[in-house]
1. Give the calculated FRET efficiency between Ala275 and Ser84 to the nearest 0.05, with a Förster radius of 51 Å applied to their Cβ-Cβ distance.
2. May I ask which residue of Val132, Gly192, Val94 lies farthest towards the positive end of the charge dipole of the chain, with charges of +1 (Lys, Arg) and -1 (Asp, Glu) on Cβ and the Cα centre as origin?
3. Give the long-range amide H neighbours of Ala96: residues separated by 5 or more places, or on another chain, with amide H under 5 Å away, using H modelled in the peptide plane at 1.01 Å from N.
4. Relative to the longest principal axis of the chain, what angle (0 to 90°, nearest 10) does the C-alpha long axis of helix 162-178 take?
5. Hey, what angle do you get for helix 99-120 against the long axis of the chain, alpha-carbon based, 0 to 90 degrees rounded to 10?
6. List the trypsin sites (Lys or Arg not before Pro) in the stretch 58-146 that DSSP assigns to loop (not H, G, I, E or B) and whose Cβ has at most 12 other Cβ atoms within 10 Å. Which are they?
7. Treat each spin label as a single point 7 Å out from the Cα along the C-beta direction, and report the Val160 to Glu126 distance in nm.
8. If you line up the long axis of helix 125-141 against the longest principal axis of the chain, both from Cα atoms, how many degrees apart are they, to the nearest 10?
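Every number in this text was worked out from the coordinates using simple rules, so none of it is lab data. Worth saying up front: this structure is predicted, and the values here are computed from it rather than measured. Using ideal geometry, Cβ is built from the backbone for each residue, glycine included, and neighbour counts are taken over all protein chains shown.
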Amino acid sequence: MVTDRHDPVDAVRHFTRFYTGRINVLGDRLLESAFSLPEARVIFELGHCDGLSARDLADMLGLDPGYLSRILNGLKRRGIVTRSVSEADRRRHVLALTENGLSALDDLQAKSRAQVSAMLDPLGQEARRDLVSTLRKAEHLLGGESGIMKPVPVIRPHRVGELSRALARQAILYEQEYGWDGGFELNLLKIGRDFLERYNPDDDCLWIAEVDGRVAGSAAVVRDGPETARLRIVYVEPDARGLGLGHKLVGACLDFARARGYREMVLSTYSVLSAARRVYQAAGFALYAEEAENVYGKSLTAQHWRRDLA
């Protein structure tokens, strides 16, 4: 049967087959241990959740109660699991790991970490960050625990290659959202080239917003005069909007400019970029000039903003 890798259902099923094959969960024994996959799951859950009854465990794992009962009886005979009356409710029986069970849990977790670590060994740091970000996003989309957790953004200096990525993403997003043509990408490339050719860490910086290990936005400061800094390359990824990244990035640029002794900061934008303008206004910038332009295949209103840093 031929599968369509672009079909979401086929794609998820393909990845599931790939990953279960890589970690060999379909073998008789998990991680070359003395336990099957269902037995190992029971040990793991009992090691991380106190006071579970057999019914709780069946519901949590989605197992038939009769099948789970056979697993538990086998683990009790092997001295891995014990069953006792709950101190909080004498009508309730709860399960727990014995000392042997806790030792088995430690062994399973150590082997699992070693297996995954070996799988990740060939990957570089950037690939590992991409993998973590992708896994978290997949869990979020499928309703996992991380879906209810608000990600914590990190604002940090840029690394090699991230300027090019930021410029490319901004060009793509503005074409998608505003219909701007290749002239905008050409202008971004000129801005990027100027930044790299003139870069001086005492005068210039490029801040990167990182969310769950992936680049989610940027903002740069460049020298525009003896006492004037210019704000450039400001963008935020669509799926990271609502986290206050624009405000955080602009704030980091203002702090950098003050620390470097600049007396004012200026920026140029277009009136159509309403979300960005709200960020600039909130940061204390004031509009001082505007003019009509025919650029990027559109009729736009260019705006120029400034604010004191003293």
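1. On the way: r = 59 Å, r/R0 = 1.15.
With R0 = 51 Å, the Cβ-Cβ based efficiency is 0.30.
2. Of Val132, Gly192, Val94, it is Val94.
3. Amide H neighbours of Ala96: Thr82.
4. The angle comes out near 80 degrees.
5. The answer is roughly 40 degrees.
6. Values: sites: Arg70, Lys76, Arg77, Arg78, Arg83, Arg90, Arg91, Arg92, Lys111, Arg113, Arg128, Arg129, Arg136, Lys137; in loops: Arg78, Arg90, Arg91, Arg92.
Sparse-neighbourhood loop trypsin sites (Lys or Arg not before Pro): Arg90, Arg91.
7. In this crude label model, Val160 to Glu126 measures out at 1.0 nm.
8. Taking the Cα atoms of the chain, the angle to 125-141 is about 70 degrees.
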